[in-house]
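S.K.: What follows is a single structure, and I will ask about it in a moment.
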Amino acid sequence: MPRTVQASAKRHPTSPVTEAGTPTAPIRKWPRVWIGVMLGLGIGVAVMFILFPSHTPAGMVWIPGGTFLMGTDEGGRFFADAPTHAVTVSGFWMDTHEVTNRQFAEFVQATQYVTVAEVAPTLASIMKNAPPGTPPPPEEKLVAGSVVFTPPDHDVPWDDVGNWWSWVSGACWHHPEGPDSTIIGREDHPVVHIAYADAAAYAQWAGKRLPTEAEWEFAARGGLAGQPFVWGEKEPGAGGTFRCNIWQGRFPSQNTQRDGFARTAPVGSFAPNGYGLYDMAGNVWEWCSDWYTPDYYEKSPKVNPQGPASSFDPDEPNPLLPKRVHRGGSFLCSDRFCSRYKPAGRGKGDVDSGLSHLGFRCVQGP
Ligand SMILES: [Ca+2]
């Protein structure tokens with residue numbers, strides 16, 4: 001009956017019926033609807049996975065990634081963190097805290113790993129990176145050891161770090177201040193005297209890797225934009241509550257320890273940042289995988305920058321001494337000397353040198 005067909009078609013102009021009166025629209029439209037639903041679900045699941053992936057690795061938190069303003073235009077004594085520039089990083093997992101003595105001991109027990117500081121350097125290894133004309137050190141100086149913070153008992157000029165750093169034979173991760181010191185009682189403090197190769201070996205053993213400098217800074221900011229500190233804008237000790245382990249008093253001779261710690265603090269002693277990360281300011285410096293150059297910020301790629309191809313430090317007698325980036329500052333950071341515990345603050349270090357305020361934490365891809 002043509003009239004009925006026409007009448008029905010009129011009532012459902014986009015849903016014609018067959019002559020038998022069976023609507024065709026469900027047959028033709030449902031697939032489109034389902035395609036839309038499935039696409040929507042798929043995109044939703046992908047977004048949820050990026051934002052909140054399942055199977056959180058133990059001791060890690062998900063850093064969602066995104067675009068942020070890296071660096072600072074604040075200027076100051078250490079200005080290698082300028083200019084501010086937009087950088088995008090992909091999401092990743094990050095250790096909630098610095099690798100502890102307890103964790104590093106597990107690694108050493110499992111692998112029999114020996115750190116750089118525990119092996120006597122060879123003359124060749126020392127001279128390899130020495131400036132031309134440097135006389136070779138006497139043989140008795142070729143002993144295993146590391147560089148230890150040794151505070152003077154009086155004010156000293158700041159232009160010579162030798163006034164508070166000493167080479168101590170026998171200093172290493174399990175003897176942080178020298179052979180007579182121990183980590184017993186400091187199992188949950190961050191491991192220190194870690195050379196870059198040591199940190200990388202631990203990360204590989206743990207199925208992880210070291211963060212890039214961009215990843216580290218993104219994570220340190222904890223989701224905050226343009227704030228001077230990893231927790232926001234309040235000064236570290238505002239209101240009498242300290243927010244990180246840095247230095248109080250006259251650096252380097254007088255540490256009033258108002259934050260409770262003269263040297264390292266147990267990880268997690270202070271409140272975490274917005275991503276749930278502890279000690280992203282102060283306690284110990286942390287290795288990043290980027291080689292160090294002072295001008296990288298001016299020309300770094302915008303997406304997932306990995307650092308320059310090699311290092312260069314014009315402040316060194318040998319500018320080609322291999323150095324990588326340190327981040328986060330340490331218990332030695334003092335507003336009177338340097339404030340590199342701020343999220344943009346950069347450090348740098350000889351890849352073969354551990355120090356008593358240098359450790360690391362790891363990251364892992366999704
Ligand atoms: Ca302190």
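S.K.: Taking the Cα atoms of region 237-366, what is the range of coordinates along each of the three principal axes, in descending order and whole Å?
M.R.: Extents along the principal axes: 44, 40, 25 Å.
S.K.: Relative to the present Cα-Cα distance, how much length would full extension add between THR182 and ALA197 at 0.36 nm per residue of separation?
M.R.: Between THR182 and ALA197, full extension yields an extra 3.1 nm.
S.K.: Taking the Cβ-Cβ separation of LEU39 and GLU74 as r and a Förster radius of 41 Å, what is the calculated FRET efficiency to the nearest 0.05?
M.R.: That gives a FRET efficiency of 0.35.
S.K.: Which far-off residues, 5 or more places away or on another chain, put their amide H under 5 Å from the one on SER289, with H placed in the peptide plane?
M.R.: Placed amide hydrogens put THR212, GLU213 under 5 Å from SER289.
S.K.: Which peptide among 84-93, 357-366, 318-327 comes first, and what is the full order, when sorted by highest mean count of other Cβ atoms within 10 Å?
M.R.: Result, highest mean first: 357-366, 318-327, 84-93.
S.K.: Amide H of LEU355: which non-local residues (sequence gap of 5 or more, or other chain) have their own amide H closer than 5 Å, using H built in the peptide plane?
M.R.: It is HIS193, ILE194, by chain and number.
S.K.: What is the gain in length, in nm to one decimal, between VAL156 and GLU298 on full extension, counting 0.36 nm per residue of separation less the C-alpha to C-alpha distance?
M.R.: Full-extension gain reported as 47.6 nm.
S.K.: Can you list residues whose amide H is under 5 Å from GLY145's amide H, if they're 5+ apart or on another chain and H is modeled 1.01 Å from N?
M.R.: Amide H neighbours of GLY145, under 5 Å, 5+ apart: VAL119, GLY170.
S.K.: Computed FRET efficiency, Cβ-Cβ of THR122 and GLN257, R0 35 Å: what is it to the nearest 0.05?
M.R.: Taking R0 as 35 Å, the efficiency between THR122 and GLN257 is 0.30.
S.K.: Working only with C-alpha atoms, what are the Rg and Dmax values of region 60-366, expressed in angstrom?
M.R.: Rg then Dmax for region 60-366, in Å: 18.5, 54.
S.K.: Please find the FRET efficiency linking SER90 to ARG336, where r is the Cβ-Cβ separation and R0 is fixed at 35 Å, and quote it to the nearest 0.05.
M.R.: 0.35
S.K.: Could you state the per residue volume, in Å³, of the convex hull enclosing the Cα atoms of region 190-238?
M.R.: Cα convex hull per residue, to the nearest whole number: 115 Å³.
S.K.: Let me ask something additional. Want the number for ALA58 to ALA105: 0.36 nm per residue separation, take away the alpha-carbon distance, what's left?
M.R.: 15.2 nm
S.K.: If you don't mind, another one. Just the projected area, averaged over all directions, of the convex hull on the alpha carbon atoms of region 116-164: how many nm²?
M.R.: So the Cα hull casts an average projection of 4.8 nm².
None of the figures in this text is laboratory data; all of them are computed from the coordinates on show. Since this is a predicted model, take the numbers as computed values, not measurements. Methodologically, a virtual Cβ is constructed for each residue, glycine included, from the backbone with ideal geometry; neighbour enumeration extends over all protein chains shown.
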